[in-house]
Amino acid sequence: MDFLASESSAPVNAGVHVNVMETLVYEEIDKQLRFYPKNLRNYLNLTEVATYALNRLPPLYASSVKGVEEQRRVAARQYRSELTSAVRRAIAAVERDPLRSSEPIVSEIEVNYRGAENTLGQIQELLKRYNLLEPVNKEVTWDNCLPLLRQAFLKLTAVQSPTPPAIDERRSMPLPPPPPIRTPAMDNRQIDPKNTLW
């Protein structure tokens, strides 16, 4: 049974937790790679180096700013030499096989981000194709997307529904003739179909 699915009654928290060790590993990788030739640094897959090192180090999770600071102090006291050694071994392991082909894991966040950016580009192309994008708005961004769509819909509805004549135009138009007044005598009379004008 899936643990997360069984915890449906648990309150949803908008906060996040982080593994402070991940940050420390990337900082250590950056520090150690400063002494490597640039062409070698460009060959190394930093994600693989970090993964190798993190698999040999304990996680240090925190869910608050104060917790992060505390975990950094713990790492400095207890894991400084282990961290340095794990990163050194990771660089050496990945360096031995720099051309190794592997398919990286793409996070769901990255997939969603790429999809959202693609959608934004399609919105921009659609607005341009139908001349609904003002020249001052050359690019659709997430900040201006909603106002630009509103503006485009207003333009479309203005084109589709004819605007009523202005008040001044209505005053200059001739009035239609009044309808004929019907009297009871008109209703009772015999109408000759040959003399009917209507």
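The values are calculated or read from the model by the stated rules, or taken from the named source; none is laboratory data. Owing to the predicted nature of the structure, the values given are computational and were not obtained by experimental measurement. Positions of Cβ are backbone-derived with ideal geometry, glycine not excepted, and every protein chain shown enters the neighbour counts. Protein only, heavy atoms only, side chains kept; ligands, DNA and RNA dropped before computing areas. Shrake-Rupley method; radii C 1.70, N 1.55, O 1.52, S 1.80 Å.
Based solely on C-alpha atoms, express the radius of gyration and the Dmax of the stretch 13-68 in angstrom.
My reading of the Cα-based Rg and Dmax gives 13.8, 45 Å.
Check which residues have an amide H placed less than 5 Å from TYR61's amide H, if you skip close sequence neighbours.
Under 5 Å from the amide H of TYR61 lie the amide H atoms of VAL20, each far enough along the sequence or on another chain.
Using only protein heavy atoms and a 1.4 Å probe, report how much of LYS38 is accessible, in Å² to the nearest 10.
Around 140 Å² of this residue is reachable by solvent.
Once you put a point 7 Å from the Cα of SER107 and another 7 Å from the Cα of TRP142, both along the Cβ direction, what distance in nm separates them?
Calculated label separation equals 1.4 nm.
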